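Student: Please read through the structure below; I'll follow up with questions.
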Amino acid sequence: MKKYTISLIASVVSIAGIAQNSNPKIDRDLLKTGKAVIINSEYLNKVQDDHTSESIKEFHLLVSSLDITKTKSFDKRKSLFEIVCKSDKGSIIAFYNSKGEIEATYENFENIALPKKTMINILKDHPGSTIMQTKSSLNYSKDFGLQRQYRVLLFKNEDKEWVKLDAS
């Protein structure tokens, strides 16, 4: 399976490297105003909730708005078409079927804001600790649903501890 890379550089959303000379652009302001055409709304509805951080929401909008059927390299193959989106905060690997629909994603982000309720619960369970680092992973499958997990590095006195939380 071919891999193609999509990069987010300096907070400017642009797509590059999908095909030899094919560089479709997605207007960030259009995504924020909700006027972008969401091709994969089923995916978007499953992975986003009220607690999803803004930076991850932008990534989700990018992945769900990308019409890969219009790229030169999309060949309607029967195997899944893989797109990799990266930024300084993390990445989404998305797998599209021959109709351009998202079948699955693997998402990993670091040092993003966790849901407020999750952070409060962690600090209640570990009084006197400070959150030093966060990691979020999300696996989406059209057929099998969603699995979300958080890992948090806590610091208390001289001790460090990773705490894992299943948020699905």
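The values are calculated or read from the model by the stated rules, or taken from the named source; none is laboratory data. On a predicted model such as this, the values are computed, not experimentally measured, just so you know. Reconstructed Cβ throughout: ideal geometry from the backbone, glycine too, with neighbour counts over all protein chains shown. Keep in mind that these areas ignore ligands, DNA and RNA; they rest on the heavy atoms of the full protein, side chains included. Shrake-Rupley method; radii C 1.70, N 1.55, O 1.52, S 1.80 Å.
Student: Given the residues LEU80, LEU66, which is the only one that is open to solvent by less than 50 Å² (accessible area, probe 1.4 Å), farther than 20 Å from ASP166 by Cα and aliphatic (A, V, I, L, M)?
Tutor: LEU66
Student: Please determine, by comparing only the residues of the range 34-51 that are assigned to a loop (DSSP other than H, G, I, E, B) and at pLDDT 85 or above, which one is nearest to PHE109 (Cα to Cα).
Tutor: GLN48
Student: Considering only residues of the range 83-114 that are among the hydroxyl-bearing types (Ser, Thr, Tyr) and open to solvent by less than 30 Å² (accessible area, probe 1.4 Å), which is farthest from VAL152 (Cα to Cα)?
Tutor: TYR96
Student: Oh, and also: Looking only at the range 36-79, which residues are among the basic types (Lys, Arg) and out of contact with any Phe, Trp or Tyr (no Cβ under 7 Å at 6 or more places or on another chain)?
Tutor: LYS57, LYS70, LYS72, LYS76, ARG77, LYS78
Student: Sticking with this structure for a sec: I need the full set of residues from the range 140-159 which are within 21 Å of LYS57 (Cβ to Cβ), free of Cβ contacts under 8 Å to residues at least 40 places away in the same chain and either open to solvent by 60 Å² or more (accessible area, probe 1.4 Å) or not in a strand (DSSP E or B) (or both), in order please.
Tutor: Hits for the range 140-159 are GLN147, ARG151.
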